[in-house]
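Q: Next up is a structure, given as structure tokens.
The values are calculated or read from the model by the stated rules, or taken from the named source; none is laboratory data. All values derive from a computational prediction rather than experimental measurement. Neighbour counts are summed over all protein chains in view; Cβ atoms, including those assigned to glycine, are modelled from backbone coordinates with ideal geometry. Remember, those area values only see protein heavy atoms, side chains included, never the ligands or the DNA or RNA. Shrake-Rupley method; radii C 1.70, N 1.55, O 1.52, S 1.80 Å.
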Amino acid sequence: MAEVVIWLIAFAAILFLSLKRWPSLSRSLDGMLPQPMKTGGDNGVVWSLALAVLGATALVRPVDVLMTVILLVLLALVGVKLGSWAMNKVDFH
């Protein structure tokens, strides 16, 4: 029960702060993200909700977040290696 309460408090605090400081946060995100994901100052509520969920989860369950990131990186590496192997095996002649 305490974990849920801490998560809700963290979520509310991160959501409030990200909505309050959206103009500066938007510029920071646009500097880090690739072109298709840039905010352009729009969709502040969507980005703030996503950041609040990720931030609160990372605060409450950091090991779970870390394990998920490691798993995603490993899956991406396997996909890239299989893709390059398959491209080398294909005969384009």
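Q: With respect to Lys38, is the statement that it is touching a helix residue (DSSP H, G or I) at 6+ places or on another chain (Cβ under 8 Å) and charged (D, E, K, R) true?
A: Answer is yes for this residue.
Q: Could I ask something else about it? Where the second residue is open to solvent by 70 Å² or more (accessible area, probe 1.4 Å) and the first is under 13 Å from Ala52 (Cα atoms) and lies in the stretch 1-13, which pairs have Cβ atoms under 6 Å and are six or more apart or on separate chains?
A: Matching pairs, first to second residue: Ala10/Leu59.
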